[in-house]
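Asker: Provided herewith is a single structure, encoded as structure tokens, for subsequent inquiry.
Nothing in this text is a laboratory measurement; each read-out follows from the coordinates by a stated rule. Everything numeric here is computed off the predicted structure, so don't read it as measured data. All Cβ positions, even for glycine, are placed from backbone atoms using ideal geometry, and neighbour counts span all protein chains on display.
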Amino acid sequence: MSALDNLRETFRRDQVFDFMRQGTRAVAPGQLDSGAGKNILYLEDITVSFDGFKALNDLTMYIKTGELRCIIGPNGAGKSTMMDVITGKTRPDSGTCFFGQTLDLTRLSETEIATAGIGRKFQKPTVFPEHTAFENLELAMNDAKGTWHSLFTRMSGEQKSWIEETLAQVGLLDDRHKVAGLLSHGQKQWLEIGMVLMQKPQLLLVDEPIAGMTRQEVERTGQLLQSLAGKHSVVVVEHDMEFIRSIASTVTVLHQGSVLAEGTMDQVQNDPKVIEVYLGE
Ligand SMILES: Nc1ncnc2c1ncn2[C@@H]1O[C@H](COP(=O)(O)OP(=O)(O)OP(=O)(O)O)[C@@H](O)[C@H]1O
């Protein structure tokens, strides 16, 4: 057994927290059993097959509470499939996927998973172009109550401040009255991150955030993601190595549906297995 396997065995959710194995219980957002120093996400031995092809093959990976983790890997490594398993879009054939120590994500619907505190920002922005940045966040805040509700009910002062805080966090306070369709590509991406933040996710999944951005926008995006870590746990899937180096403390390399290497960017870039996979591409 390798050192990495040993480490995994030591930190397996079911082995460390044996008393938690009696099944799942509903945990309201904010009450997730995932305090500082613990893991927020436990993927263990996950396998997903498409017509016999294993997109994920015994994938085991843990995300710590509050960390910013970057996932890299060649095309087809299983990165999107992994995100799909976490959000309930794809069900694993085998393996376990826990949010905190008690919430079994494989038993929840996509909506239940979102409500439990997992938000996903897809690569392509899907903002409402005819609404202002402020209104987009308002719509996202009230998503659960429906668009009609959000457009025709009065907002509380607290809700307004929360929207303004989020606009400031994603760098759009000065453009809050601009319709989203007129924002730059980078600004639309940040607005969409803001929309996900309105749901107060504890775990934020971000798919290829910098595709098509200018250099300045890339830099700002890096700062934004770093500023979100701590308060949220953030998992970023990205191909751009320079960007990852600039933001990540821990990088996980996926290959053929499994973890090939994990560590600092320097560690994984100097790992002969990783070099072989990337040079062989
Ligand atoms: N719905 C599906 N049906 C059949 N095969 C699929 C399906 N989804 C993914 N795959 C296959 O599973 C493998 C993993 O795909 P996935 O999209 O997770 O990889 P990825 O690491 O995200 O790749 P990329 O970097 O190109 O986005 C690929 O070989 C892909 O063709």
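Asker: Through the Karplus equation 6.51 cos²θ - 1.76 cosθ + 1.60, θ set to phi - 60°, convert the phi angles of the stretch 204-211 into ³J(HN,Hα) values in whole Hz; use x for Gly and Pro.
Answerer: Result, rounded to whole Hz: 10, 9, 10, 8, 5, x, 9, 3.
Asker: Another question, if that's okay. Relative to the Cα centre, what is the charge dipole magnitude of the stretch 210-264, using +1 at the beta carbon of each Lys and Arg, -1 at the beta carbon of each Asp and Glu, and rounding to the nearest 20 debye?
Answerer: For the stretch 210-264, the charge dipole is close to 160 debye.
Asker: Summing Lys, Arg as +1 and Asp, Glu as -1, what charge do residues with Cβ under 14 Å from the Cβ of A229 carry, A229 excluded?
Answerer: Computed value for this residue: +2.
Asker: I'd like to know which of L105, Q123, S184 lies farthest towards the positive end of the charge dipole of the stretch 86-211, counting +1 on Cβ of Lys and Arg and -1 on Cβ of Asp and Glu.
Answerer: Toward the positive end, the furthest listed residue is L105.
Asker: Please report, in debye to the nearest 20, how large the charge dipole of the stretch 144-260 is about its Cα centre when each Lys and Arg carries +1 at its beta carbon and each Asp and Glu carries -1 there. Working shown, then result.
Answerer: Working: 11 positive and 13 negative charges, 85 e Å.
Approximately 400 debye in magnitude.
Asker: What distance in nm lies between label points placed 7 Å from Cα along the C-beta direction at R245 and V179?
Answerer: Spacing of the two 7 Å Cα→Cβ label points: 4.3 nm.
Asker: Roughly how many nanometres apart are two label points built 7 Å out from the Cα toward the Cβ at Q159 and R107?
Answerer: Result for the modelled spin labels: 3.3 nm.
Asker: Given +1 on the Cβ of Lys and Arg, -1 on the Cβ of Asp and Glu, and no further charges, what dipole in debye does the stretch 60-217 carry about its Cα centre, rounded to the nearest 20?
Answerer: That gives a dipole near 180 debye.
Asker: Using only the Cα atoms of the stretch 207-281, construct the convex hull and provide its projected area averaged over every direction, in square nanometres to one decimal.
Answerer: About 5.4 nm², averaged over all directions.
Asker: At F122 and Q226, where each label point lies 7 Å from the Cα along Cα→Cβ, what is the point-to-point distance in nanometres?
Answerer: Here the modelled spin labels are 3.0 nm apart.
Asker: Turning to a different aspect of this structure: If you keep only loop residues by DSSP, which trypsin sites (Lys or Arg not before Pro) in the stretch 182-281 have at most 15 other Cβ atoms within 10 Å of their Cβ?
Answerer: Sparse-neighbourhood loop trypsin sites (Lys or Arg not before Pro): K231.
Asker: Count of lysine pairs in the stretch 59-198 with Cα atoms under 19 Å apart, counting only pairs 8 or more residues apart in sequence or on different chains?
Answerer: 11
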